[in-house]
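Just below is one structure, and these are the notes that go with it.
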Amino acid sequence: MNTDKIYKACGMALIAALCAGCTDDASLDDGVGGSQGGAYITLTVPSGITPATRTVLPGQQSAQHATRVALYAFKHGDGETDPLKAKCIGGMSFDEIKWNQDLDKAMDEGTSTQSQRVSLTQDWGISEANPKNWNATYTFLAIGSDDVYKNGEKGTWAGSNSTAAYGLGSAEYFTKGTTLEKCYAELQDNKSVDDIHQSELFAGTLTCKGSEVAGKEINLYRRVAGVKGHFRRIPQKLNDEDVAELRVVYWAKQPTTVPYYKRADEKQEDGTLKFVDYGGEAAKATKIKAVGESMTKDELDKCTYFKIERKDFTHEVKFENGNTIIGDTVTAGSYVLPAPGAVGKSSDGKDCSTLYVLLLAKATEEGKMKILQKRRVFFVNSYENRTAQTRSDGVTDGGTGIIIGQEPNEDALDRERRYPIVANNYYTIGTAQEPIDMSTGETEVNIYVDPRWEGHEDLGGIGNKPS
């Protein structure tokens, strides 16, 4: 999972066939108009300009790695306004299409928007010659994956990353008649959550009448989030037991599906918002046990976002008290699927947090790993004001009026510990400049949303009172 895949980021990438199911030949526009007298759609993605070394999670920069894209059309029934009820009428897969980039903006800001015009296939019949279709409403869905060429050579796709994780190369990905509400990316049976962690997945939709489609845009955004951690001085031992791993874990079993059509937050009776943009059922009980208890490796793996093994603890530093602590900062991260915030109590009697940082002992012969240290990861809304904030200093959080560290403020505490994992957001536990010091024995650390991913939003209003 930590093997680097070196290839150019989207600014230099080509896109090609993604899904064979429901497919027809695509018609590429010459920049003037589409084959249907202007019936074309422009696909766009935010990106960086420079080639990049691809790791599991490169970083917070806006560069992304969409290399293959497919477009599907879903037709609404007469009078049907809900896009989720629209039914698939066909798909188009694209071969070696070049993104067109706003180079002036890219050179000036380091980021830009990539775009590609795609003429709709005549087989869909969206033209003035077909009045019923011309006046019908459609929802178009574009899906992007981060596949790479086999052996790095143009021409044959390796079928890796999100293409493999979610089975995007299947000949029957979406069948005609499938409603949009049933279109989910699902982790394949022969894959593990590790495949999610190395896969960047994109999707975007557009709803309009057939007569209005010409020149419209579909913006593709990540349907995954990024979680990264920066740690230093990781102990070699705790209570005379060797530390084998550091893990960042979700509070329960990770979701393994995500809808392609983004679900809007639902407003509840008390005025708060309920986060629903994730796949599967919300967890009801924590999987993470208390310090001193053990979990099986299989249980932990299903909750783990990423781990740092002992072999990566480098540069021993001796202190006067005789304790041996690791000095250098170690960084790790992964892509993850959207997930709801935590609810209820944990096994140690505390209110559950969405994420934890664990230090674990080596697995026993029975495959059990003892929890040597457990830190709850609290959400801090303002990344820019992070240096002024701790759990005890009493300052407000980025102008929201929420006082950090005030235990009676239950609404604020709910926001801090029970935040959802939102698609297209980049979460960072500590920062490169301010890594988490793992030698202090603290029980809480902070996580921030970095605004350099274009999906940055105020998470404080989502899931204030999880049910």
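Here are the numbers:
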{"item": "Segment 177-228 - percent of accessible surface contributed by carbon and sulfur, probe 1.4 Å", "result": "34"}
{"item": "Accessible-area value, Thr296, 1.4 Å probe, nucleic acids and ligands omitted, Å²", "result": "50"}
{"item": "Options Ala244, Gly204, Gly152, ranked by Cα towards positive dipole end of segment 145-251, top entry (Cβ charges)", "result": "Gly204"}
{"item": "Residue order for Glu366, Glu80, Glu245, Glu212 - accessible surface, 1.4 angstrom probe, largest first", "result": "Glu366, Glu212, Glu80, Glu245"}
{"item": "Cα-Cα over 21 Å, subset of Lys267/Lys289; Lys87/Lys209; Lys237/Lys370", "result": "Lys267/Lys289"}
{"item": "When each of Lys154/Lys302; Lys85/Lys216; Lys182/Lys228; Lys75/Lys253 is checked by Cα-Cα distance, pairs over 28 Å", "result": "Lys154/Lys302; Lys182/Lys228; Lys75/Lys253"}
{"item": "Where only alpha carbons of segment 246-313 are counted, the Rg and the Dmax (Å)", "result": "15.9, 51"}
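The values are calculated or read from the model by the stated rules, or taken from the named source; none is laboratory data. What you see is a predicted model, and the numbers here were worked out from it, not measured in a lab. Cβ atoms come from the backbone with ideal geometry, glycine included; neighbour counts cover every protein chain shown. All accessible areas refer to the heavy atoms of the entire protein, side chains included, with ligands and DNA or RNA removed. Shrake-Rupley method; radii C 1.70, N 1.55, O 1.52, S 1.80 Å.
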